[in-house]
Amino acid sequence: MPLLEEIWQSRILTNGGVMLQRFEAALSRYLNVEHITIVSNASLGLVLALREFGITGEVITSPFSFVATSHAIRWAGAEPVFADIDPLTLNLDPASVEARITPKTQAIMAVHCYGAPCDTEGLAEIARKHGLRLIYDAAHAFGVRKAGKPLVAEGDLSILSFHATKVFHSFEGGAIISPTREMKLRLDRLANFGIEDEVTVSSTGLNTKMSELHAAMGLAMLPKVDEIIEARDQVAGRYWSGLSQVQGLRCLCPPGQKGHNSYAFPILVGPEYPMPRDALYHRLREHNIYARRYFYPLISDMPMYQMLPSAAPAGLPIARRSAERILCLPLYPDLDRVAQDKIIRVVADPCH
Ligand SMILES: *Cc1c(COP(=O)(O)O)cnc(C)c1O
């Protein structure tokens with residue numbers, strides 16, 4: 001790979017070398033946002049975002065997410081408070097968020113689940129009214145646009161993940177999207193021990209830098225991402241035609257929508273389906289089909305969070321029901337038709 005040759009020749013292996021600078025510029029063009037801090041992963045990006053605003057109080061967040069969302073809140077020294085989700089989008093329900101606000105609340109950390117946009121207007125209105133920071137875990141939302149605008153420009157900060165399992169990746173990696181150059185530069189420093197120059201350390205930073213090797217991977221992948229999203233959309237389209245009319249199933253992400261990224265094909269297995277979700281999950285495994293229960297269990301049911309008052313099941317009915325019914329079908333750009341037809345057959349007629 002010629003980019004690797006370049007790294008050896010430059011003799012700069014990390015610390016914001018030429019690969020990182022090029023990756024940052026290319027991402028900025030692709031995403032159509034100006035101020036990007038590239039980091040080693042999204043989890044640490046979320047921690048830095050909370051640190052940037054000095055948030056150590058309560059952060060209202062979704063229990064229906066990958067565990068990193070709440071873990072990041074704890075690692076920043078703050079405390080997660082769980083609110084319920086919307087039954088249609090499975091993203092935070094602004095009304096439930098507002099009901100959880102106390103004098104200790106400092107921020108909302110919302111998740112664009114499967115890349116489907118949150119109610120950004122509703123959340124922004126609540127944040128404004130109560131003087132809260134609004135941070136988006138946009139790990140699933142690479143390249144997503146809402147009303148033609150980049151979704152990652154919403155809120156005070158948004159964090160993308162470039163982990164190998166995401167739509168776009170650099171093996172490991174992530175990025176924080178800032179509204180201003182000043183904030184981007186502060187986050188750049190936080191990502192590099194808080195170092196300002198050779199003799200000045202201006203904040204209690206961390207090491208969350210991305211190496212030149214990872215940046216080169218990102219640079220090499222970026223030109224392919226449109227093709228990857230297009231191929232994912234084709235796969236999602238075939239699932240949709242095969243499954244959207246099946247009794248008892250609800251397919252969540254309609255394909256072919258402008259600005260969406262077809263990150264996943266989630267279905268909700270309802271009571272009218274011939275068997276419960278877990279039975280379908282195991283039936284698929286018998287056919288060597290590895291569907292994933294994203295997200296189950298709820299973060300609020302995990303041992304380190306379940307004792308929180310906001311984790312009480314009675315306060316999270318939609319999240320609970322969704323976690324029991326959700327299943328994400330295999331979706332990758334080169335999923336071949338024969339394999340996919342078999343998946344569709346089993347899901348459409350699981351008792352056969
Ligand atoms: C993948 C993921 C993360 C963590 O991303 P990393 O880059 O692996 O740290 C955080 N939140 C959500 C919703 C994710 O899916």
Exercise. Which aspartates and glutamates have a Cα less than 16 Å from the Cα of K166, not counting those fewer than 8 places away in the same chain?
Worked result: D137, D226, E227, E230, D233, D334
Exercise. For S170, S262, S10, S310, what's the fewest-to-most ordering of other Cβ within 10 Å of each Cβ?
Worked result: S10, S310, S262, S170
For this session: Mind telling me which of A236, A220, A116 comes out most flexible in a GNM of the chain, alpha-carbon contacts under 10 Å?
Result: A220
Problem set entry | Cross-link partners of K149 among lysines (Cα-Cα below 17 Å; sequence separation of 8 or more within a chain) | K258
For this session: Take M1, project a point 7 Å from its Cα along the Cβ direction, then tell me which residues of the range 189-233 have their backbone nitrogen under 16 Å from it.
Result: 210-225
Problem set entry | Neighbour-count order for T61, T120, fewest beta carbons within 10 angstrom listed first | T120, T61
Exercise. Of the listed peptides 48-55, 1-8, what is their order by residue-averaged count of other C-beta atoms within 10 Å, with the highest listed first?
Worked result: 48-55, 1-8
For this session: Taking just the C-alpha trace of the chain, give me its Rg and Dmax in Å.
Result: 20.7, 71
Exercise. What are the ³J(HN,Hα) values, in whole Hz, obtained from phi via the Karplus relation 6.51 cos²θ - 1.76 cosθ + 1.60 with θ = phi - 60°, for each residue of the range 28-40 in sequence order, with x given for Gly and Pro?
Worked result: 4, 5, 5, 7, 6, 10, 8, 10, 10, 10, 8, 10, 6
Exercise. Hey, what angle do you get for helix 42-52 against the long axis of the chain, alpha-carbon based, 0 to 90 degrees rounded to 10?
Worked result: 50 degrees
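Per DSSP H run of n ≥ 4, the term is -39500 (n - 2.57); total these for the chain, divide by its residue number, and report the mean residue ellipticity at 222 nm rounded to 500 deg cm²/dmol. Spell out each step's value before the answer.
Details: 12 runs with 129 residues, N = 352.
After summing the helix terms and dividing by residue count, I get -11000 deg cm²/dmol.
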Exercise. If Lys and Arg each add +1 and Asp and Glu each add -1, what is the summed charge of the other residues whose beta carbon sits under 10 Å from the beta carbon of L20?
Worked result: 0
Exercise. How large is ³J(HN,Hα), in whole Hz, for each residue of the range 217-230 in order, when computed from phi with the Karplus curve 6.51 cos²θ - 1.76 cosθ + 1.60 and θ = phi - 60°, using x for Gly and Pro?
Worked result: 4, x, 4, 6, 7, 4, x, 8, 5, 5, 5, 5, 5, 4
Exercise. Using alpha-carbon pairs under 8 Å, 6+ residues apart, how would you state the relative contact order of the chain in percent?
Worked result: 19 percent
Exercise. Remind me, relative contact order of the range 113-170 in percent, using alpha carbon pairs under 8 angstrom and six or more residues apart?
Worked result: 33 percent
Exercise. Mind listing the phi-derived Karplus ³J(HN,Hα) values for the range 63-72, rounded to whole Hz, using 6.51, -1.76 and 1.60 with θ = phi - 60°, and x for any glycine or proline?
Worked result: x, 9, 7, 6, 4, 4, 4, 6, 4, 4
Exercise. For W8 and R181 in one chain, what is 0.36 nm times their gap in residues minus the Cα-Cα distance, to one decimal in nm?
Worked result: 59.2 nm
Exercise. Using Cα atoms only, what is the angle between the long axis of helix 337-348 and the major principal axis of the chain, expressed in degrees (0 to 90) to the nearest 10?
Worked result: 60 degrees
Problem set entry | Distant-in-sequence amide H partners of K146 (H built 1.01 Å from N, under 5 Å) | L151
Problem set entry | Spatially proximal lysines relative to K104 (Cα-Cα < 21 Å; intrachain offsets below 8 disregarded) | K129
Problem set entry | Loop-located GluC sites (Glu not before Pro) in the range 177-208 whose Cβ has at most 13 other Cβ within 10 Å (DSSP) | E198
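The numbers here are math on the coordinates, done by the rules we state, and not lab data. Only a predicted model underlies this, so the values are computations on that prediction, with no experimental measurement involved. With ideal geometry, Cβ positions are generated from the backbone for all residues, glycine too; neighbour counts draw on all protein chains shown.
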